[in-house]
């Protein structure tokens, strides 16, 4: 939810399972990279959907879908995250762009609460093709880095055992996309530390998770339809059997009546 104070407008998102599973998959991959680099938990924490007020009077407030914050450098509950994750499914991507603008315009590296360094937008585009579009926006860049992923064959349902770089299932472009280490952790790299990457692993994980939830409803509908069709077939079969019994009984009754009318020998 984002409240644009000066405009007196409210942007409300109603996240469902697809929305939430994409958000979790993306943020988890950033956390895994941090752990593999040896970062401590406090050096980069998930923020969930906490609300943040603007640094400007009457600037409103916003809640990200998720994000990350280095608690050592920004320990306050009102301190801004360095990375914001925004997922759009039912909403238009222009609304996600509007939320992105709010994060950059209503936080600042020069303010005591800090500024958002990067906004990662994932748009679930197509239910039929399993398509996701990702945009990585940096405060310093005028244009985003963009990536796309979709199923090569939407008739082949992937499952969680196939969450990997499987070229037989997915096709993607624009990956990897890099996020500067200093933009998220707010200190220079040391030792084996390196920049964060939006990888094909991350996007395949998000796309597969979304497809599984998205495909669950059609599959449940299909099973329900199969059960309904089977019940209809059984009912029709019973009705045919009962109709045959009535027909046979009526035939036997008429035959008995005819025999009864015959003269006795």
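The values are calculated or read from the model by the stated rules, or taken from the named source; none is laboratory data. Keep in mind the model is a prediction, meaning the values are calculated, not measured. Positions of Cβ are generated from backbone atoms using ideal geometry, with glycine treated the same way; all protein chains shown enter the neighbour counts.
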- What do you reckon, is residue 74 out of contact with any helix residue (DSSP H, G or I) (no Cβ under 7 Å at 6 or more places or on another chain), in a loop (DSSP other than H, G, I, E, B) and over 23 Å from residue 29 (Cα atoms)? no
- Mind checking which residues of the range 35-63 are touching a residue at least 24 places away in the same chain (Cβ under 8 Å) and assigned to a helix (DSSP H, G or I)? 42, 43
- Please verify whether the range 158-167 includes one or more residues that are crowded, with 19+ Cβ neighbours inside 10 Å and either closer than 29 Å to residue 130 by Cα or at pLDDT 95 or above (or both). yes
- Query: Of the conditions (1) within 23 Å of the chain's Cα centre (by Cα); (2) crowded, with 22+ Cβ neighbours inside 10 Å; (3) outside any strand (DSSP E or B), residue 107 fails just one. Which one is it?
  - Reply: (1)
- Message: Can you find, within the range 73-92, the residue that is modelled with the highest pLDDT among those that are buried (at least 16 other Cβ atoms within 10 Å of the Cβ) and over 23 Å from residue 180 (Cα atoms)?
- Response: 88
- Residues satisfying the stated conditions in the range 122-156, i.e. touching a helix residue (DSSP H, G or I) at 6+ places or on another chain (Cβ under 6 Å), more than 17 Å from residue 25 (Cα to Cα) and either modelled with pLDDT under 90 or buried (at least 19 other Cβ atoms within 10 Å of the Cβ) (or both): 127, 137
- Out of all the residues in the range 175-202, which are in contact with a strand residue (DSSP E or B) (Cβ under 9 Å, 6 or more places away or on another chain), farther than 17 Å from residue 69 by Cα and in a loop (DSSP other than H, G, I, E, B)? 175, 176, 199
- Could we say that residue 185 is at pLDDT 85 or above, buried (at least 16 other Cβ atoms within 10 Å of the Cβ), under 22 Å from residue 73 (Cβ atoms) and more than 15 Å from the chain's Cα centre (by Cα) here? yes
- Residues satisfying the stated conditions in the range 138-153, i.e. in contact (Cβ under 8 Å) with a residue 24 or more places away in the chain, under 21 Å from residue 103 (Cα atoms) and either under 19 Å from the mean Cα position of the chain (by Cα) or not in a strand (DSSP E or B) (or both): 139, 146
- Query: Taking residue 48 and the conditions (1) modelled with pLDDT of 95 or more; (2) within 25 Å of residue 209 (Cα to Cα), which numbered condition does it fall short on, given that it satisfies the others?
  - Reply: (1)
